[in-house]
Every structure is written in C-alpha cells, then in structure tokens.
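The values are calculated or read from the model by the stated rules, or taken from the named source; none is laboratory data. Since the model is a prediction, treat every value here as computed from it, not as a measurement. Cβ: placed from backbone, ideal geometry, glycine included. Neighbour counts: every protein chain shown. The accessibility values were calculated without ligands, DNA or RNA, using every heavy atom of the protein model including side chains. Shrake-Rupley method; radii C 1.70, N 1.55, O 1.52, S 1.80 Å.
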Amino acid sequence: MASLQIYRVVAAILTAGIIAMGSGFIATILVQPTELEQNAYQIDTGIETVEAVEDEEEALPPVGPLLASADPAAGQGLSRACGTCHSFDQGGPNKVGPNLWNIVNRPVAATEGFRFSEALTGRGGEWTYEELNGFLAKPREWVPGTAMSYAGMRSPDDRANMVAWLRSLSDDPAPLPE
C-alpha cells in the first residue's frame, strides 16, 4: 500500500510541472510582452558607466640594448625546444622548419630547399634583430598566417639571449646594432 502512495505523490508532482509549463506557454501566446528600450525607472547610484577600453598591445622593447648584455650560451640552452623543428649547423638539413644557420640579416623565407608559408613568402624584408625579436615573441601575431606553431617567448631577456646565440651561428656574425 505504501508503494502506491509514492506513485501518487510522484504523479502529482509531474502533473503540477506539466501544468506550470503549459500555462507558461499559453500565457506567452496570449500576452505578447514588448521589451522597453530603456528602463522605466532610472536609479541614480552616482556611479558613471565606463566604456570598455581595449587592451593596448604593449610594444616590444627594442632588442638592441638587451643584446649588449645577452648571453649566447643561455640562448643555446633555450634553443633545445627549437631543435625538434630546426637544425642549426652550417649546411644542416631542413626539418619541419628551415635550417637557422646564418639567419641574422638573411632575407625572410630564403632558405633554399624549404617551402615557406605564403605569409612568410609575402612578408619580404630581412631577419633583422628586431624582426627576430618580434617573431620570437609571438610568431602568429608578428606574421599572421605563419605555419609555425610555437607560442612564443615572453621574456625580453630570453629573446635577447636567443637572438645573440642565433647571431653567433655564422662564420661572419652580423654587427650588433648601435
């Protein structure tokens, strides 16, 4: 007998829910509310509304002054993460990414035998110290459409160390900027 009582309670709850939903649908059909363009009653809180200001991108600090105190050995240590996609030896093979020997002041997308993305081939210019700094910071923002999946280096000192090490990968390293 007790189990029959439980079924009655459950049925009553379900019936009440169905009636509430149905009456909501019917009320919406019968009474079509209109949205107000502004509140009917304004409450003055004394607080002014502030429009959202877009975050201004911080400009990258110039890498030139940081190169004076950069540590190429630290840059070589940082390059271990790059070694899966790039080679650094003179005459080394292209991997997923191009060989980076003598990259400083080399034309962008000019490694022979490597197929670059359209974003890099259309960029033009040279891999100057500032170009390398920007690309290492955020490759996908510096060259939108690049195929490089690296997230970037946040630390300006790490980027300077890396650029100093890349500079050393040459028989005749490019002069440091003044």
**Fill in**
The one condition D89 fails out of (1) surrounded by fewer than 17 Cβ atoms within 10 Å (Cβ to Cβ); (2) assigned to a loop (DSSP other than H, G, I, E, B); (3) under 24 Å from the mean Cα position of the chain (by Cα); (4) charged (D, E, K, R) is (3)
**Complete:** Of the listed residues (Q42, Q76), the one being closer than 30 Å to G134 by Cβ, open to solvent by 90 Å² or more (accessible area, probe 1.4 Å), at pLDDT 70 or above and not aliphatic (A, V, I, L, M) is Q76
**Prompt:** Within the stretch 98-113, is even one residue at negative phi, buried (at least 18 other Cβ atoms within 10 Å of the Cβ) and of a type in the set (G, A, S)?
**Reply:** no
**Asked** Out of the stretch 124-165, which residues are open to solvent by less than 10 Å² (accessible area, probe 1.4 Å) and without any contact (Cβ under 8 Å) to a residue 24 or more places away in the chain?
**Response** P139
**Item:** Residue among E126, E112, E178, E118 that alone is charged (D, E, K, R) and under 21 Å from the mean Cα position of the chain (by Cα)
**Value:** E118
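Can you pull out every residue in the stretch 141-156 that is assigned to a loop (DSSP other than H, G, I, E, B) and farther than 22 Å from K95 by Cα? Break it down into steps so the answer makes sense when it comes.
Applying the first criterion (assigned to a loop (DSSP other than H, G, I, E, B)) to the stretch 141-156 yields 143-155.
Of everything in the stretch 141-156, those that are assigned to a loop (DSSP other than H, G, I, E, B) and farther than 22 Å from K95 by Cα turn out to be R154, S155.
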